[in-house]
1. Would you mind finding the one in 411, 377, 354, 368 that is under 17 Å from residue 436 (Cβ atoms), assigned by TED's automatic domain parsing to the domain that holds residue 549, surrounded by 18 or more Cβ atoms within 10 Å (Cβ to Cβ) and touching a helix residue (DSSP H, G or I) at 6+ places or on another chain (Cβ under 7 Å)?
2. Given the conditions (1) surrounded by 24 or more Cβ atoms within 10 Å (Cβ to Cβ); (2) modelled with pLDDT of 80 or more; (3) assigned to a helix (DSSP H, G or I), which single one is not true for residue 198?
3. Go through (1) part of a helix (DSSP H, G or I); (2) modelled with pLDDT under 80 one by one and return the number of the condition residue 79 breaks.
4. In this structure, is residue 454 out of contact with any strand residue (DSSP E or B) (no Cβ under 9 Å at 6 or more places or on another chain), without any contact (Cβ under 8 Å) to a residue 40 or more places away in the chain and in the same structural domain as residue 354 (by TED's automatic domain parsing)?
5. With respect to residue 360, is the statement that it is at pLDDT below 80, within 21 Å of the chain's Cα centre (by Cα) and assigned to a helix (DSSP H, G or I) true?
6. Within region 141-186, how many residues turn out to be surrounded by fewer than 16 Cβ atoms within 10 Å (Cβ to Cβ), outside any helix (DSSP H, G or I) and modelled with pLDDT of 75 or more?
7. When the residues of region 458-488 are narrowed to those that are touching a helix residue (DSSP H, G or I) at 6+ places or on another chain (Cβ under 7 Å) and outside any helix (DSSP H, G or I), which ends up nearest to residue 516 (Cα to Cα)?
8. Please give the helices (runs of 4 or more DSSP H) falling wholly within region 207-278 in which 1 or more residues are over 26 Å from residue 87 (Cα atoms), in contact (Cβ under 8 Å) with a residue 12 or more places away in the chain and in the same structural domain as residue 174 (by TED's automatic domain parsing).
């Protein structure tokens, strides 16, 4: 064993991990929106949720991506906790497909097929036709090349003849259940560190197929990988909603439960799997390449049996995680914090765009709430209540400034990742939406400031006619914001009709012009003094400005939907 072999070992594992990442991203770019729609709609009961989770994970080759999507859907209220648990169970079955790909890639020298696939992938990528398909083929080819190189290099290293390596594994494999627990812990820690159960599975298969690692210890490593892979979703959910953290915790409890019952019958269960595959693990004439099949068979059987046991206990599992993670004191989540993107970028840029879109939806809802405070402020008489409500408007103005900055920074980071041309265009439109939404927040604050100045102006108040006109204008403006939120919250590829928004905008403009002319006439006729007229028309003009910002958001959203 020399330096070249060590570097080849490290490089082949890195190639495997990178290939998995590129392959997963390629699939998500090709069908990401469709897969997300499936996840959001085909989870009506525990069994459809189970099948949905299995299908999506097998398609995108990433249980982490499926789990993170599920956690974010729970946080957005699109999935219930019970539905999320069934999807996560399905993801554990779907991820076993990866192990079988490794068995196929590891038991054959696939370099001729791999290099041909790389050539085809490059043609797709550089011709700019089916770039996403090209990336998927390239990722698959790199993954299989990494597996093949790992196997060939391990054979050349002759690890089974290196005394230091064999003595280490033999000494740590002779402690009975202590050895099982040790390798389980090592598998969990390694998976947690590299954030790739596939890489650890490949290393485990290589060690077993070279005869260095006993199959029982290899399977213990696989069980540890199942626990280690749950850490990502729990980390993502740390700063998410309570329901999202419960969904992530359910994933951890699910795998812990499986490991616990398997450990009770571990030697018998492993021997049973070996018998089904037709392998005698204690025979010296054993074909060690078959041990990779045993590992994949165990991985599949373990997850399938675990699901068959727990699928009937979704409700009790929901109660357990609710007890472990109780509701926050004070009820609602903090107003000023981001709900969906505070945990950082997700596993792929395409998924991160989904999170940003949900944050924009929330931004629109907060703008509507802020405008509601302004309407309430118009008719608030008590000084204490007025000052408290005005302070809340000021707070929301800071919240909108912060949301614009954080979402824009997030989108800029996302744009640095691997994106399709459509997604790059979507990010530009989303940045425009965020900017206009922040302007809506500024307009709401300006309306509050005008009302505050009017309150501090002597003892004169608006006339009944002015109050009626302001109320009518604010009703039109609120309708515009409500319609805007309907537009930006529509699903991907859904038709966006902006005619309603256009009609409201015309009404606001015409009404503003009418009131401006009437205001000049009323001031000339001494119906009210000039300063009250200034406050009055400032409110009317600011509402019209706010309507323009709303229309800009609607148009940006429509353009983005047409590009998708």
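1. After applying the criteria, what remains is 411.
2. So the condition that residue 198 fails would be (2).
3. (1)
4. So residue 454 fails the test.
5. no
6. Total meeting the criteria: 3.
7. For region 458-488, the residue satisfying everything is 462.
8. It comes to 215-228, 266-277.
The values are calculated or read from the model by the stated rules, or taken from the named source; none is laboratory data. Since this is a predicted model, take the numbers as computed values, not measurements. Neighbour counts are summed over all protein chains in view; Cβ atoms, including those assigned to glycine, are modelled from backbone coordinates with ideal geometry.
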